[in-house]
Amino acid sequence: MNPFSSGTCLRDMIRAIRACKTAAEERAVVRKECAAIRASINEDDQDYRHRNLAKLMFIQMLGYPTHFGQMECLKLIASAGFPEKRIGYLGLMLLLDERQEVLMLVTNSLKQDLNHSNQYIVGLALCALGNICSAEMARDLAPEVERLLQFRDPNIRKKAALCSIRIIKKVPALAENFINCAASLLKEKHHGVLITGVQLCADLCKVSSEALEYFRKKCTEGLVRTLRDIVNSPYSPEYDISGITDPYLHIRLLKLLRILGQGDADASDRMTDILAQVATKTESNKNAGNAILYECVETIMSIEDDGGLRVLAINILGKFLSNRDNNIRYVALNMLMRATTLDAQAVQRHRATILDCVKDSDASIRKRALDLLYLLVNDNNVKPLIKELIEYLEVSDQEFKGDLTAKICSLVEKFSSEKIWYIDQMLKVLSEAGNFVKDEVWHALIVVISNASDLHGYTVRALYRAFLTSTEQETLVRVAVWCIGEYGDMLVNNVGMLDIEDPITVTECDAVDAVEVAIKRHTSDLTTKAMALIALLKLSSRFPSYSERIKDIIVQNKGNVVLELQQRSIEFNRILQKHPKFRSALVERMPVLDEATFSGRRAGSLPTAISTSSGAPSNLPNGIAKPATAPIPDLLDLSSDDVPAPSSSGGDFLQDLLGVDLSPTPAPSGADMPPKASTDVLLDLLSIGMPLPVQTGLSASDILSSSQDDKAPFVNFNGLASLSSLSANATSPANAAPMMDLLDGRGPGPQKSEENGQAYPSLVAYESSSLRVMFNFSKQRGSPQTTLIQATFTNLSSNVYNDFLFQAAVPKFLQLHLDPASSNTLPASGDGSITQNLKVTNSQHGKKSLVMRVRIAYKTNNKDVLEERQINNFPQNL
């Protein structure tokens, strides 16, 4: 025995490795064997080379590195004997891949073995080439493989065909060399050669349009004849599987026919009869038969057909849906989803079976069946299908309720022809799965309710009944509380009673009790409690006799730990105590919401800004639209040059949003009155006092002292939004009165940039709870149309922002140049900032003001965040 040999055979090494109880013991055995193999390789031990390579292959399969034994494979391949070549080629396929440079050294050996007189050695070389062939090897050895396609032995022809598939995938340009040889393989009687020939033709069609046209014209008839012979062939034990002759060849032939018939009417017409024969004669009680039927159906769906075969194929899929095997049912549902685009009417016949699949115990079947059923719903069947789905919603699993609820809500909204039917179905969904309803769905429901003036009484009574039985559904509680607050008087007085509803007696006390239950539920979230407080404020005007009780309920939240609820409670209590005469105007019913505008915004077809025609102002009767005014510029499209001035558009926007008149009041004739300062807008919004004349040095205490005046102006609470964003974006001219410090002197004062003696006020371009963007302006000497802007970004959150990116867009009359930012990481909590310089040239300076659309992207906590804003309030003199 060679002193450098490990002295153990492969079987002993495997036994030793399997006997190891720990990974450390296994590594020790492998290291010992690898060391002995290396020593044997260094001594060029030819007697044990095949044993060493066998061990290396097993070690490779365990996941250990074996690169040091690659050259041993080449040495064994170069040997003359068949046993050595067999181990060498096996090692070549396991230890190397096409990316190894060592593989180039084996090309010559492969070429010699492909021309060897021993067919078994030729077979080894073809197997290796078919597994690890690279593009260079394919170009070098393609002629030998092409010649072997005509070899006398069928096993060699079969392996040569498989090797040809690898070659044309690596080098598609060689496909034309194999077209004639592949066509000759389709006439083979040996099933092994025939199936590889069919696969070779299919791959040739994928990489070469020339091959596709050739096979369509020359081989379609032959393939149809071959498939017919197999279908009608008698029992053959050599190829029989479950009573079907060679189902694998069946499937390969059907796939090739699908490729040839797709997009070609003549080829499709020639294979119609055989496809119908396969679809009708194949038994479906065995898995092999189901596989053939599935491929037949897919072929029928892909070729050009007039529709007769498609009905047959869809009926086969309908039978699949009744199969007990979930895999067969799943693939049938997938195929039916594709079939709905070709023949939806034929799929409709199996609607009942599909509905049963929605109720299946398997989650994958349920989800796929629900997706298919969603595609089948139309105006004719929507009502019975929605009824079935809502009934199933009551007993469905919790993990499935979300998908089912989303689909039901989408269908009801899409196909609702009557508002009463829409409201009824949505109430059923809210009662059964309200916690799974998304916000935009119940928002849309409120919009529909507000527009159905003749159904207000019916809706509020139906919601009240549902609320009494389903208080655990959060979304139902929100909609019910909103309707009780808006139409509580209709609930108590039974206004608008319909014939289809049962009479109900609700007192004012019952209505207040319902809202009180909603606000005191331990499961109610912030949104529900906030809506309940607003509903109570509205009921205080509708039910004057219960004002004191409502006040007591509101006061209970004055010490709430949630700041939003505490603030609402204090403000509403103040209204009830100090401004009873304004209360009825403050809490009047919501204006009718525009359904088309709301639907457009949900679909993303309209900008997110509030349109000047989206609602009626607070001083107009309910349902009367305000006269159309100039629209706000499209925030998503800055291509138009017709952008209104920021001052006018901003005023109209706030006027629509808050329902107050922000336009300056013209002075009486002959009166010497100073112009109204821009800060008066905030005074009006906060109801702090009457419009004040412009004063310098006006203290906060002077302003606040006027808040006790009972004649202070008011705003409609229906449209009142958070004022923090308004105060952040408010700017005033240089000669205006200083803005009231809402932070008691703790906020930073406005900064100004000066150039050539002219001051430009800094602008808070964007501010949210997490980010502030400040613009500082300056001018170039002798170039008044050019404005230099320094943007400063400050992080207001406690998380660091990474990959920070600022982008801006301007209309055509402006030219914008952005310099690189100072950093792409924004520190947390205002510990640092990022600055970036912008240069804007206004070609219509003095005629049009600057306008800009900005987009800010960053990453925080491994989440991508994108914020956008339209900036219209640039200083006028830029």
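The values are calculated or read from the model by the stated rules, or taken from the named source; none is laboratory data. It should be emphasised that the depicted structure is a prediction, and the values quoted were computed from it without experimental measurement. Using ideal geometry, Cβ is built from the backbone for each residue, glycine included, and neighbour counts are taken over all protein chains shown. Accessible surface is based on the protein model in full, side chains and every heavy atom, while ligands, DNA and RNA are left aside. Shrake-Rupley method; radii C 1.70, N 1.55, O 1.52, S 1.80 Å.
Of the residues that sit in segment 204-222 and are among the polar types (S, T, N, Q) and part of a helix (DSSP H, G or I), which one is surrounded by the fewest Cβ atoms within 10 Å (Cβ to Cβ)?
Here is the first cut: in segment 204-222, the residues among the polar types (S, T, N, Q) are 208-209, 220.
Among the residues that remain, those that are also part of a helix (DSSP H, G or I) are: 209, 220.
Working: S209: 10, T220: 21.
Filtering first and then ranking leaves S209.
Sort out which residues of segment 849-878 are out of contact with any Phe, Trp or Tyr (no Cβ under 6 Å at 6 or more places or on another chain) and open to solvent by 50 Å² or more (accessible area, probe 1.4 Å), and write them in order of number.
Within segment 849-878, R855, K859, N861, N862, K863, D864, L866, E868, Q876, N877 qualify.
If we scan segment 837-846, do we find a residue that is out of contact with any Phe, Trp or Tyr (no Cβ under 9 Å at 6 or more places or on another chain), within 23 Å of V800 (Cβ to Cβ), outside any loop (DSSP other than H, G, I, E, B) and open to solvent by 70 Å² or more (accessible area, probe 1.4 Å)?
Within segment 837-846, none of the residues are out of contact with any Phe, Trp or Tyr (no Cβ under 9 Å at 6 or more places or on another chain), within 23 Å of V800 (Cβ to Cβ), outside any loop (DSSP other than H, G, I, E, B) and open to solvent by 70 Å² or more (accessible area, probe 1.4 Å).
Has segment 181-200 got any residue that is assigned to a helix (DSSP H, G or I) and either of a type in the set (K, R) or within 38 Å of the chain's Cα centre (by Cα) (or both)? Spell out how you get there, then give the answer.
Of all residues in segment 181-200, those assigned to a helix (DSSP H, G or I) come to 181-185, 191-200.
Those left that are additionally either of a type in the set (K, R) or within 38 Å of the chain's Cα centre (by Cα) (or both): 199.
Within segment 181-200 (the criterion being assigned to a helix (DSSP H, G or I) and either of a type in the set (K, R) or within 38 Å of the chain's Cα centre (by Cα) (or both)), the answer is yes, since at least one residue qualifies.
Could you count how many residues in segment 321-346 are of a type in the set (K, R) and either open to solvent by less than 40 Å² (accessible area, probe 1.4 Å) or over 27 Å from the mean Cα position of the chain (by Cα) (or both)?
2
For Q785, state whether it is open to solvent by 60 Å² or more (accessible area, probe 1.4 Å), in contact (Cβ under 8 Å) with a residue 60 or more places away in the chain, in contact with a strand residue (DSSP E or B) (Cβ under 8 Å, 6 or more places away or on another chain) and not hydroxyl-bearing (S, T, Y).
Yes.
Failed condition for R86, given (1) open to solvent by 50 Å² or more (accessible area, probe 1.4 Å); (2) in contact (Cβ under 8 Å) with a residue 40 or more places away in the chain, with all others met?
It fails just one condition, (2).
Can you find a residue in segment 131-150 that is over 19 Å from T107 (Cβ atoms), open to solvent by less than 50 Å² (accessible area, probe 1.4 Å), modelled with pLDDT of 90 or more and part of a loop (DSSP other than H, G, I, E, B)?
Among the residues of segment 131-150, at least one is over 19 Å from T107 (Cβ atoms), open to solvent by less than 50 Å² (accessible area, probe 1.4 Å), modelled with pLDDT of 90 or more and part of a loop (DSSP other than H, G, I, E, B), which makes the answer yes.
If you check D502 against the conditions, is it in the same structural domain as Y458 (by the TED database), open to solvent by 60 Å² or more (accessible area, probe 1.4 Å) and assigned to a helix (DSSP H, G or I)?
no
When residues of segment 575-591 are filtered for being open to solvent by less than 50 Å² (accessible area, probe 1.4 Å) and closer than 19 Å to S450 by Cα, how many remain?
Looking only at that region, the number is 5.
Limited to segment 788-804, what total is found for residues that are among the small types (G, A, S) and open to solvent by less than 20 Å² (accessible area, probe 1.4 Å)?
Of the residues in segment 788-804, 1 are among the small types (G, A, S) and open to solvent by less than 20 Å² (accessible area, probe 1.4 Å).
Pairs only if they're at least six apart or on different chains, beta carbon under 8 angstrom, first in segment 493-511 and free of Cβ contacts under 8 Å to residues at least 12 places away in the same chain and acidic (D, E), second part of a loop (DSSP other than H, G, I, E, B) and surrounded by 14 or more Cβ atoms within 10 Å (Cβ to Cβ); list them, first residue then second.
Taking only residues 6 or more apart or on different chains, not a single pair turns up.
Considering only segment 392-400, I want to know if a residue exists there that is at pLDDT below 90 and under 30 Å from N493 (Cβ atoms).
Taking every residue of segment 392-400 in turn, none turns out to be at pLDDT below 90 and under 30 Å from N493 (Cβ atoms).
Every residue in segment 232-254 that is crowded, with 17+ Cβ neighbours inside 10 Å and part of a helix (DSSP H, G or I), please.
Those that are crowded, with 17+ Cβ neighbours inside 10 Å and part of a helix (DSSP H, G or I): P247, L249, H250, I251, R252, L253, L254.
Return the residues of segment 766-782 that are at pLDDT 85 or above and in contact with a strand residue (DSSP E or B) (Cβ under 6 Å, 6 or more places away or on another chain); say none if nothing qualifies.
Y766, R772, V773, M774, F775, N776, F777, S778, K779
Does E474 satisfy being closer than 24 Å to K407 by Cβ, modelled with pLDDT of 90 or more and open to solvent by 20 Å² or more (accessible area, probe 1.4 Å)?
yes
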